[in-house]
Amino acid sequence: MIFLSVKVEGRNKKGLYTSKWVNKLFSMIERNCTYKNIGFCCLTDNPKGLRKDIQVIPLKHDSALRGWWAKIKLFNPDLPFEKGQRLIYSDLDNLIVNNIDEAVRFPAKFALTSITAPNFKPDGVIICYNSSFMAWNHGEKSEIYTEFNDSVPKKLRSDQDWMAYILGKNETVMPSSWFQRLGLCSEKGPDQTTKVVFCIKPKNHIAAKEIEWVRKIWQ
């Protein structure tokens, strides 16, 4: 199985999402996954500073796939993985807080997260999925990539809205109890059922300065 991340320099705001974020994400995964022989891969336009054990898939500049839209390339059927190989993706600003073995072996060929902000309804948003954490077998849902065109970002807000548009609203989602927004966690941290914390606001680097349990985890 391969754990994936996407790092696009063009998405960096005030120094966010550097290679350090990739390294910390994969370190959290290592501490919270008991499976052996796991691999790490980063799709990026700048591999400088990444751990030496991280496989790099170069991202070329694409005006239509900037920022979070670059996640569409995760579903390119021509990526250098064996068909059916288990792939697990996490956003760089996630905190992996407890064991994720259940998520890795979740019994579905493709699964993602249910929406965590049902009242967020600006133009271009389809209230359906959250793509911050996903698991799938390589080759599944390749239409996310192959059906994409330059007009999509003009009518939809983000990659997860495109996934809802192209796939429909009946895809498998992992248990919502596994995921929590940082702002809804207690001062002592998430409970034992939570596997992944979404750092919507504040982001990891700020939260680590302000919250002790985040500081201990995000390293």
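The values are calculated or read from the model by the stated rules, or taken from the named source; none is laboratory data. Predicted model, so just to flag it, every value in this text is computed and none were measured. Cβ: placed from backbone, ideal geometry, glycine included. Neighbour counts: every protein chain shown. Accessible surface areas use protein heavy atoms only, side chains included; no ligands, DNA or RNA. Shrake-Rupley method; radii C 1.70, N 1.55, O 1.52, S 1.80 Å.
A count restricted to segment 27-37 and to residues that are among the β-branched types (Val, Ile, Thr) and under 17 Å from the mean Cα position of the chain (by Cα) stands at 1.
For segment 172-181, the set of residues classified as assigned to a helix (DSSP H, G or I) and either open to solvent by 70 Å² or more (accessible area, probe 1.4 Å) or in contact with a Pro (Cβ under 7 Å, 6 or more places away or on another chain) (or both) consists of 176 only. For the residues 154, 141, 203, 169, the requirement of being of a type in the set (D, E, K, R), more than 21 Å from residue 22 (Cα to Cα), open to solvent by 40 Å² or more (accessible area, probe 1.4 Å) and in contact with an Asp or Glu (Cβ under 9 Å, 6 or more places away or on another chain) singles out 141. Restricting attention to segment 192-219, which residues are touching a strand residue (DSSP E or B) at 6+ places or on another chain (Cβ under 8 Å) and either under 19 Å from residue 133 (Cβ atoms) or polar (S, T, N, Q) (or both)? Answer for segment 192-219, where residues must be touching a strand residue (DSSP E or B) at 6+ places or on another chain (Cβ under 8 Å) and either under 19 Å from residue 133 (Cβ atoms) or polar (S, T, N, Q) (or both): 194, 195, 196, 197, 198, 199, 200, 204, 214, 217, 218. Cβ separations smaller than 6 Å between residues 6+ apart or across chains give the following pairs from segment 173-191 residues that are among the hydroxyl-bearing types (Ser, Thr, Tyr) to residues that are assigned to a loop (DSSP other than H, G, I, E, B): 177/193.
Answer yes or no: is there a residue in segment 102-125 that is modelled with pLDDT under 95, among the aromatic types (Phe, Trp, Tyr) and in contact with an Asp or Glu (Cβ under 8 Å, 6 or more places away or on another chain). No, that holds for no residue. Count, please, the residues in segment 139-170 that happen to be assigned to a loop (DSSP other than H, G, I, E, B) and under 21 Å from residue 94 (Cβ atoms). Within segment 139-170, residues that are assigned to a loop (DSSP other than H, G, I, E, B) and under 21 Å from residue 94 (Cβ atoms) number 3.
Name the residues in segment 182-200 that are over 14 Å from the mean Cα position of the chain (by Cα) and either open to solvent by 70 Å² or more (accessible area, probe 1.4 Å) or aliphatic (A, V, I, L, M) (or both), would you? Of everything in segment 182-200, those that are over 14 Å from the mean Cα position of the chain (by Cα) and either open to solvent by 70 Å² or more (accessible area, probe 1.4 Å) or aliphatic (A, V, I, L, M) (or both) turn out to be 182, 184, 187, 188, 191, 192, 193.
Could you check segment 35-61 and list, in sequence order, the residues that are among the basic types (Lys, Arg) and out of contact with any Ser or Thr (no Cβ under 8 Å at 6 or more places or on another chain)? Within segment 35-61, 36, 51, 52, 60 meet the criteria.
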